[in-house]
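Asks: Encoded as structure tokens, here's the structure I'll be asking about.
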Ligand SMILES: NC(=O)c1ccc[n+]([C@@H]2O[C@H](COP(=O)([O-])OP(=O)(O)OC[C@H]3O[C@@H](n4cnc5c(N)ncnc54)[C@H](OP(=O)(O)O)[C@@H]3O)[C@@H](O)[C@H]2O)c1
């Protein structure tokens, strides 16, 4: 049994890491901003990621074997509007956490994103990052600061993270589509952005498996399918058997987006598959799992 500190434990990824670590018999502490979640057992420590001293103290107090950073400012347009907050949360805080984990002799796992790429083609872990937005730039800086502060850290790059959010009403790339089609509303979906969505439960399992295997370095963690947003919509409608869904194909250029989006930052997952000796799931299999666990 290990002691695991999950920073951002109330976010989508964080709640899956927290539950999965607990299921595996670890002693788990979560950090959150604001009130402790009512639907997920603690202990919880309330921390704002912009408070570096509080972050360091939380790591010292937890005396963890593993720190997982699942917190980030994930609102891509919000990052464009508030670049200083984005940098503090997505770049500076991960560096501080990595350093604090190293000082505490704990391992460190950090989540990053496909938006560090320009999306001009599928990306391996060795593809040169070229972020297009403040979100992508600050997440990339976070990777660099983490690596500098604690070279043995594990960095997992995810894409369009989805799954049931059992903690908050915040929607994600799949539940947003479901909510709209089930309310009988039109769903505008990009035809010209392709991604490899990451199932939150898959990412949580992979994070803990790579850590247990003492893997080091950077790994892409996602479904095997590289799909346009509108193809994702069709797959969701099919998996959940929703008749009469109004999926409206739209081009990215037709929408007033504050931050530019990469066109096809699909993540190649060969490294994680070879390391863990298992395939990453297909998108449809993950949707089936969601349907069965609703
Ligand atoms: N979401 C995606 O589609 C996506 C795609 C690729 C990669 N990723 C990466 O995957 C990781 C997990 O993302 P997710 O989808 O689980 O995001 P999420 O559901 O938005 O969770 C992020 C968590 O970070 C917390 N947070 C943000 N700012 C904070 C601050 N100043 N102080 C304390 N906590 C703060 C949020 O708290 P509040 O709820 O209080 O804001 C939330 O609990 C992140 O590293 C993200 O960059 C996500």
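Asks: If the requirement is being touching a residue at least 24 places away in the same chain (Cβ under 8 Å), closer than 22 Å to residue 110 by Cα, within 11 Å of the ligand (Cβ to nearest atom) and in a helix (DSSP H, G or I), which of these qualifies: 204, 222?
Replies: Values: 222 fails: in a helix (DSSP H, G or I).
None of the others qualify; the one that does is 204.
Asks: Shifting gears a bit: In the stretch 1-35, how many are in contact with a strand residue (DSSP E or B) (Cβ under 6 Å, 6 or more places away or on another chain) and over 26 Å from residue 99 (Cβ atoms)?
Replies: Count: 1.
Asks: Limited to the stretch 119-149, what total is found for residues that are surrounded by 22 or more Cβ atoms within 10 Å (Cβ to Cβ) and over 21 Å from residue 264 (Cα atoms)?
Replies: The qualifying residues number 2.
Asks: Taking the condition outside any helix (DSSP H, G or I) and out of contact with any helix residue (DSSP H, G or I) (no Cβ under 6 Å at 6 or more places or on another chain), does residue 215 pass? Spell out how you get there, then give the answer.
Replies: Working: outside any helix (DSSP H, G or I): yes; out of contact with any helix residue (DSSP H, G or I) (no Cβ under 6 Å at 6 or more places or on another chain): no.
It is false that residue 215 is outside any helix (DSSP H, G or I) and out of contact with any helix residue (DSSP H, G or I) (no Cβ under 6 Å at 6 or more places or on another chain).
Asks: Please indicate, with yes or no, whether at least one residue in the stretch 176-191 is closer than 29 Å to residue 275 by Cα and within 13 Å of the ligand (Cβ to nearest atom).
Replies: Looking only at the stretch 176-191, we keep the residues that are closer than 29 Å to residue 275 by Cα, and these are none.
No, there is no match, as no residue in the stretch 176-191 is closer than 29 Å to residue 275 by Cα and within 13 Å of the ligand (Cβ to nearest atom).
Asks: Would you mention how many residues in the stretch 161-187 are crowded, with 16+ Cβ neighbours inside 10 Å, in contact (Cβ under 8 Å) with a residue 40 or more places away in the chain and farther than 19 Å from residue 9 by Cβ?
Replies: 6
Asks: Going by the conditions given, is residue 91 in contact (Cβ under 8 Å) with a residue 40 or more places away in the chain and buried (at least 19 other Cβ atoms within 10 Å of the Cβ)? Quick ask: steps written out before the conclusion?
Replies: On the way: in contact (Cβ under 8 Å) with a residue 40 or more places away in the chain: yes; buried (at least 19 other Cβ atoms within 10 Å of the Cβ): yes.
So residue 91 passes the test.
Asks: Further question: Within the stretch 237-261, count every residue that is in contact with a strand residue (DSSP E or B) (Cβ under 9 Å, 6 or more places away or on another chain) and buried (at least 19 other Cβ atoms within 10 Å of the Cβ).
Replies: Within the stretch 237-261, the subset in contact with a strand residue (DSSP E or B) (Cβ under 9 Å, 6 or more places away or on another chain) is 237, 245-252, 254-255, 261.
Now restrict to residues that are buried (at least 19 other Cβ atoms within 10 Å of the Cβ): 237, 245, 247, 261.
Selection size over the stretch 237-261: 4.
Asks: If you don't mind, another one. Scan the stretch 271-294 for residues that are exposed (fewer than 14 other Cβ atoms within 10 Å of the Cβ) and either in contact with a strand residue (DSSP E or B) (Cβ under 6 Å, 6 or more places away or on another chain) or over 17 Å from residue 162 (Cα atoms) (or both) and report the count.
Replies: 4
Asks: Which condition number does residue 189 fail, the rest of (1) farther than 21 Å from residue 255 by Cα; (2) touching a strand residue (DSSP E or B) at 6+ places or on another chain (Cβ under 9 Å) being met?
Replies: Every condition holds for residue 189 apart from (1).
Asks: On to the next question. Only one of these conditions is not met by residue 153: (1) within 16 Å of the chain's Cα centre (by Cα); (2) buried (at least 23 other Cβ atoms within 10 Å of the Cβ). Which number is it?
Replies: Residue 153 satisfies every listed condition except (1).
Just so you know, all these numbers are worked out from the coordinates, no wet-lab data involved. Nothing here was measured: the structure is a model prediction, and the numbers come from that model. Positions of Cβ are backbone-derived with ideal geometry, glycine not excepted, and every protein chain shown enters the neighbour counts.
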